[in-house]
Every structure is written in structure tokens, then in C-alpha cells.
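Let me begin by presenting the structure, written as C-alpha cells, before commenting on it.
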Amino acid sequence: MKTTDVLGASFSPDEKRVLFTSNQTGVFNVFSVPVAGGKPTQLTRSTTDATFAVGYFPKDERVLFSRDQGGNELTHLYVRTPDGQEQDLTPGDKHRATFHGWSHDGSAFYVQSNEREPGAMDVYRYDARTYARTLFFQNDGGYAVGAVSPDEKWLSLDKPNSLADGDVHLYNVATKELKHLTPHKGTATWKSATFDPASTALYLLTNEGTEFTRVVRYVLATGKLEEVEKADWDVEYTTLSRKGAWRVTGFNEHGRIVIRVHDVKAHKPLALPRLPGGAITDVVLAPSEKRMAFYVNGDRSPPNLHVYDFATKKTTRLTDTLSPDIDADDLVDSEVVGFPSFDGLKIHAVLYKPHQATPENKLPALVWAPGGPGQGTYRGYLGFIQYLVNAGYVVLSVNNRGTAGYGKTFFTADDQKHGREPLRDLVESRKYLASLPYVDGSRVGIFGASYGGYQTLSALAFHPDAFDVGVDVFGISDWLSALKELPPVAFRDALYQEVGNPETQEEMLRAVSPLFHAEKIRKPLLVIQGANDPRVKKAQSDAIVQAVRRNKVPVDYMVLENEGHGFSTKKSEADTSVRIREFLDTHLKNAPVPAPPKN
């Protein structure tokens with residue numbers, strides 16, 4: 001747990017330094033580092049609340065960053081001046097505010113805030129010099145705000161109809177008129193990506209008429225749609241450099257984001273540097289277009305920040321995040337595997353095999369249920385997984401039906417079926433694990449966080465003999481109350497379409513909520529909950545723990561007092577990891593093997 005997490009990148013105005021976020025102090029804070037390499041400089045010094053870098057101001061050394069309080073997700077936007085002074089630009093104790101980009105000329109920036117109405121994320125334009133603001137877009141329609149055109153005449157707005165279907169609208173800033181760009185029949189995703197630098201076209205992501213999401217562009221003057229880029233994988237994003245010389249596209253290939261950088265004028269991809277330790281991710285192009293920052297992330301190498309110079313083709317590594325106490329050779333590489341589910345549908349998964357696992361030394365195994373719904377598994381360095389694998393557990397991270405990355409049909413196969421077919425995919429994964437010669441098929445547990453925590457509770461309640469233990473981290477136990485408590489935002493309606501409507505489908509939601517079937521849970525359970533979690537309220541975990549304890553089975557309950565829906569400090573992450581391992585060692589690895597039934 002001494003491994004450092006780093007993320008984000010922003011070039012200083014002279015492009016001599018890069019801003020990023022690191023938790024090397026134990027709590028996420030903002031750092032900067034020279035592009036030529038050297039010791040990073042710590043700029044913020046929070047000891048309690050996670051602080052994340054947003055970026056340098058385009059014309060001076062001021063820095064924007066965001067911070068919430070104890071994981072409550074009421075983020076505010078702050079400015080730090082070169083003398084170390086900090087100012088909250090979005091004061092108030094009941095709303096959240098997020099950064100939404102710079103104006104093309106750098107004289108202003110955009111901020112989304114729900115201070116006017118809890119369920120409406122409006123857009124404000126802040127003057128970069130005085131911080132004076134004006135309302136740029138009043139979001140009464142529940143839109144997900146997309147991109148602002150460089151000339152500030154247009155704003156793209158995404159309207160999710162469900163998790164698998166959505167539309168894009170174009171907002172005229174001067175006239176306040178909306179134009180629907182993507183009328184379609186059937187289920188199709190449409191999302192806005194970015195405008196071109198000349199404000200003549202809007203790049204869109206869609207899977208209308210195809211299985212996989214691709215890139216198209218909408219020409220503003222003519223309304224013509226032009227095909228841009230596609231592959232046999234979903235496009236996750238596409239973005240352009242400030243002047244349009246480079247376009248970066250990320251594809252989801254079996255849970256690993258594969259990057260393409262295109263030379264726009266030459267109409268060909270750039271040959272990216274080949275670096276040891278993993279794949280290139282999270283590319284950020286410098287405003288001058290002379291260099292780019294990116295991360296290299298591998299299964300046995302945590303993400304490290306690099307800078308690449310397009311002219312010299314030189315790559316400079318700026319961080320060193322793997323703990324010196326860890327030998328990378330002791331870690332393991334993942335393997336993508338597949339197996340048929342109960343109905344023959346092929347399910348993909350990511351397998352982590354401990355070095356010590358052999359047919360002569362069969363090890364216990366764990367099924368990792370993905371988050372979401374629909375989130376899927378991402379490959380790369382996962383410290384907690386490596387910790388469990390090193391401790392002697394085979395781990396199978398399953399992309400059950402409904403997870404993203406395997407096409408539209410697969411993604412929509414879980415709609416209104418949660419707690420049933422997707423869960424059975426996880427149950428079938430035990431059979432796959434038991435077929436491996438180095439797995440002890442009599443000792444298989446399940447664990448997951450958020451929606452994966454719900455899947456864990458569901459497995460124990462609806463298939464009580466499928467797994468031997470369960471670990472639920474921030475998981476929903478009662479869909480009825482969780483869905484009723486959602487604020488009236490666009491995502492709520494999409495989630496109703498995906499999971500169910502508590503006003504009209506109460507019986508169905510009750511049937512798939514583990515809390516109402518807790519009497520069936522007979523296997524040891526560990527529940528972990530953030531006291532300040534705004535998404536899965538502590539009452540959800542309190543209720544399931546109380547209900548399962550009545551069954552006289554071992555239930556361990558860990559409440560993180562200063563955390564929300566995740567970990568803001570390394571101490572919380574480490575404490576949780578140790579607690580999970582101790583629970584698994586007690587109730588799975590070292591539990592007595594039940595005697596075979598007598599004839």
C-alpha cells in the first residue's frame with residue numbers, strides 16, 4: 001500500500017512544468033514537476049480531504065483544483081496563487097461545483113454547479129482574471145453538458161434516455177434555441193465529444209446502426225454527418241489538440257484503453273513510443289502541440305507520468321510510483337479468458353493467477369463482480385488485486401452481460417434483469433474457476449464494490465450455495481429506497497430504464513433487492529461502508545448487516561468514518577485491504593473443508 005497513485009496532467013503556460021495529482025503524502029494533493037524530470041513540488045497540503053489538480057491557468061502560474069469534505073462529493077473549485085494562497089471560487093455548503101473547461105482564448109473558464117437547483121447542473125462562465133461570473137446555460141432540461149465551441153456560440157448537450165440510449169442537442173448561446181441533432185429509431189447511443197478549433201463541426205460518438213461505438217462529425221453549416229473512425233471495439237473518447245493538428249482516440253479493448261494519436265493533416269496515425277511497463281493511457285496534448293503528457297500503465301507497473309516531444313521523439317518519465325519494497329517480478333500479469341454462461345452466451349473475464357498456484361498446490365479463488373451497472377473491468381495496475389493474488393488467491397474479474405466494451409447487444413442484455421441473468425453469469429464463473437487445475441473448487445468467494453457489492457449480496461441471497469464467502473464494499477442492498485432517493489436528474493430516468501421504476505415496479509425491485517431476502521444468506525459476509533457515502537447511504541449497509549446477523553452466520557462490518565463512495569486516503573485503502581484479507585483468510589482459506597455427504 002506504499003505504492004503511489006498519480007493522475008491527471010496539465011502543462012504550465014511556458015510548458016516547462018506539468019501539474020498532476022498524487023497521494024504520496026497519504027492524501028491526494030496537487031504537485032508539479034519539470035518536463036525535463038526532477039523532484040515534484042507539492043502545491044497543496046491537505047491532510048484530510050482529497051484534493052485533485054484541475055490545471056494551470058493558460059497565461060500564468062495560478063492553479064485550479066477541486067476538493068470535497070470527507071468524501072461527501074460536494075466538490076468545490078479552488079484557485080491557488082503562486083504565493084500559496086487558496087480561494088474557494090464556489091462557496092456554499094449544500095451544492096457541488098465542477099470544472100468544465102477553458103475558453104479557447106484562455107480568458108475564461110466554465111463551471112458546472114447545482115447551487116440554483118439541487119437537480120440541475122447549470123453552467124457558469126468565470127472571468128479568468130477577476131473571477132466574475134455570468135450564467136452561461138441554465139440547465140432546466142436535465143441535460144449532461146457536453147462541449148463549448150471555441151467561438152462560444154454553441155454548447156452541445158447530451159440527453160440520456162437510458163444507459164444504452166441517448167441523444168445530442170445543440171444549444172445556440174445567443175438565441176437560447178435548441179436543435180435536436182440525433183433523432184433515431186431503436187436503441188442507440190449518441191454522445192458529444194468535442195468541437196473542432198474553427199467551430200465548424202462537432203465530433204460525436206455513436207453506435208447507431210453498428211455494434212460498436214464509432215466517431216462521426218456533424219458539420220454545423222450543412223447538418224451533414226461524416227464518418228471519421230471506427231474499430232471492432234468501442235470508442236471511449238476522442239479529442240483534438242488546441243489548433244487541431246492532433247486527434248487522440250481511446251478504444252476499450254478487453255478492458256484496456258488503447259490509444260491512437262492521429263496526424264490530422266497527414267490523415268494517418270502517429271507511431272507512439274514503445275515503452276516498457278505497460279500501455280499508454282490518458283494522453284494530454286500541450287497547447288503548443290509540440291509535446292504530450294501521458295501515463296504508462298501495466299499489470300505489474302502502476303501508472304507513471306511521462307512527457308513526449310514530437311520533434312525530438314524523446315520520452316521523459318516524470319514519476320516513480322511502485323513502492324521500492326515491491327519486486328515487480330513478484331506481481332502477476334493478467335490474462336483475458338472466456339467461458340460459456342448458462343445459456344451459451346460467451347462471457348469474458350480477466351484472470352490473475354498467483355505464482356504459487358499449481359495442480360499440486362491448489363489455491364482458493366475469488367470472483368470479482370464489476371461495478372456500474374455496466375462499468376466492466378479495466379486492466380492495468382490494481383494494487384488491491386495484486387495484494388490478494390500475492391496472498392494466495394486466484395482472482396477472476398468477470399465482465400458479465402451488461403458491461404460495456406463488448407458491443408451494444410451485450411451491453412443491453414441486462415436491462416431490467418438485474419439480480420437475475422447477469423448474476424447467473426457470475427455464478428457460472430465458479431464452474432470455470434473449478435475447472436482450472438490449480439484452483440481449489442471447494443473454496444470460492446465473491447466480492448465487489450458499489451454495483452459489484454450489490455451483485456455480491458445478491459449472489460449470497462439468491463444463490464446461497466454458489467459461493468463460500470462474500471465481501472460487499474459500498475453495495476446497494478435495497479433498490480427501492482436507493483432509486484427513490486435519487487434527485488430528479490437525467491441519470492435518474494436512465495437508471496429507472498435500466499434497473500426499474502420504484503413507483504411502478506415495486507414488486508420487481510423488491511424481488512431483486514437482497515435486503516428483502518436476507519434470511520437466505522448463510523455464508524460469512526464482510527460489509528464495508530463509508531459513513532459519508534452520498535450514493536449508497538449507510539442505512540443500506542446497516543440494514544443488511546442487521547438482517548444477516550439474525551441468521552447466526554459470521555458478519556463483519558467495517559465503517560469508514562471519514563470516507564464516502566471510495567477511498568480518499570491511503571490509510572483507509574490499506575486498512576480496508578488488510579481487513580478483507582483477514583476475513584478471507586479466516587473464512588475461506590483456513591475454513592474447515594466440509595465432510596462429503598454419507599451414502
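The values are calculated or read from the model by the stated rules, or taken from the named source; none is laboratory data. What you see is a predicted model, and the numbers here were worked out from it, not measured in a lab. Cβ placement follows ideal geometry from the backbone for every residue including glycine, while neighbour counts extend to all protein chains displayed. Remember, those area values only see protein heavy atoms, side chains included, never the ligands or the DNA or RNA. Shrake-Rupley method; radii C 1.70, N 1.55, O 1.52, S 1.80 Å.
Take the Cα pairs of the chain, get the Kirkwood Rh, then feed it into Stokes-Einstein at 10 °C and 1.306 mPa s and tell me D in µm²/s.
Numbers: Rh = 25.5 Å.
Reported coefficient: 62 µm²/s.
Cβ neighbours within 10 Å, averaged per peptide: list 526-536, 409-419 in order, most packed at the top. Working shown, then result.
Values: 526-536: 22.0, 409-419: 20.1.
So the order, starting with the most tightly packed, is 526-536, 409-419.
Straight-distance candidates among the lysines for linking to Lys176, with alpha-carbon spacing under 21 Å and chain neighbours fewer than 8 residues away dropped: Lys153, Lys159, Lys191.
For the stretch 192-281, what number results from the quotient of the Cα radius of gyration and 2.2 N^0.38 Å? Don't skip to the answer; put the middle values down first.
Details: Rg = 13.7 Å, N = 90, 2.2 N^0.38 = 12.2 Å.
Compactness ratio reported: 1.12.
How large is the Kirkwood hydrodynamic radius of the stretch 31-141, counting all unique pairs of alpha carbons, in Å? Don't jump to the answer; show the numbers that get you there.
Numbers: mean 1/r = 0.0670 Å⁻¹.
Result for the stretch 31-141, one decimal place: 14.9 Å.
Rounded to a whole number, what % of the accessible area of the stretch 290-388 do carbon and sulfur atoms account for, probe 1.4 Å?
Values: 2030 of 4200 Å².
Solvent-exposed carbon and sulfur of the stretch 290-388 make up 48 percent of the total.
With a Förster radius of 41 Å applied to the beta-carbon distance between Lys268 and Lys153, the computed FRET efficiency rounds to 0.85. The portion of the accessible surface of the stretch 169-243 made up by carbon and sulfur, rounded to a whole percent, is 50 (1.4 Å probe; DNA, RNA and ligands excluded). Residues within the reach of a label modelled at Glu582 (point 7 angstrom out along Cα to beta-carbon, backbone nitrogen below 17 Å), restricted to the stretch 520-537, are 525-529. If you plug the beta carbon distance of Thr409 and Glu360 into 1/(1 + (r/R0)^6) with R0 = 60 Å, you get a FRET efficiency near 0.90. Going down the table (Lys417/Lys552; Lys290/Lys314; Lys59/Lys290; Lys185/Lys346), which pairs top 20 Å between alpha carbons? In this structure, Lys417/Lys552; Lys185/Lys346 lie more than 20 Å apart at Cα. Give the calculated FRET efficiency between Ala511 and Glu485 to the nearest 0.05, with a Förster radius of 30 Å applied to their Cβ-Cβ distance. So the FRET efficiency works out to roughly 0.95.
Could you please tell me the mean projected area of the C-alpha convex hull for the stretch 409-515, averaged over all directions and given in square nanometres to one decimal?
Values: hull surface 29.7 nm².
Average projection, Cα convex hull of the stretch 409-515: 7.4 nm².
Just tell me which lysines come within less than 23 Å, Cα to Cα, of Lys2; anything on the same chain fewer than 8 places away is out. Counting by Cα, and skipping residues close in sequence, Lys2 has these lysines nearby: Lys39, Lys353, Lys570, Lys571.
Peptides 352-360, 368-376, 396-404, 49-57 ordered by packing proxy, namely the average of other Cβ atoms within 10 Å per residue, highest first: 396-404, 368-376, 49-57, 352-360.
Computed with a 1.4 Å probe over protein heavy atoms only, the accessible surface of the chain comes to 43 Å² per residue.
Alpha-carbon geometry of the stretch 356-417: the Rg and the Dmax are 14.5, 44 Å, given in that order. Taken along its principal axes, the alpha carbon cloud of the stretch 1-76 reaches lengths of 35, 28, 16 Å, longest axis first. Residue ranges 421-427, 160-166 sort as 421-427, 160-166 when ordered by packing (mean number of other C-beta atoms within 10 Å per residue, highest first). Taking a straight Cα-Cα cut-off under 18 Å and skipping sequence neighbours fewer than 8 places away in the same chain, the aspartates and glutamates within cross-link reach of Lys265 are Asp196, Glu226, Glu227, Glu229, Glu289.
Which whole-number percentage describes the relative contact order of the chain, with Cα contacts under 8 Å and a sequence gap of 6 or more?
On the way: 1438 pairs, mean separation 58.2, N = 599.
So the answer I get is 10 percent.
The long axis of helix 421-435 is offset from the longest Cα principal axis of the chain by roughly 60 degrees. Annotation note: trypsin sites (Lys or Arg not before Pro) in the stretch 239-313 located in DSSP loop regions with a Cβ neighbour count of at most 11 within 10 Å are Lys265, Arg274, Lys313.
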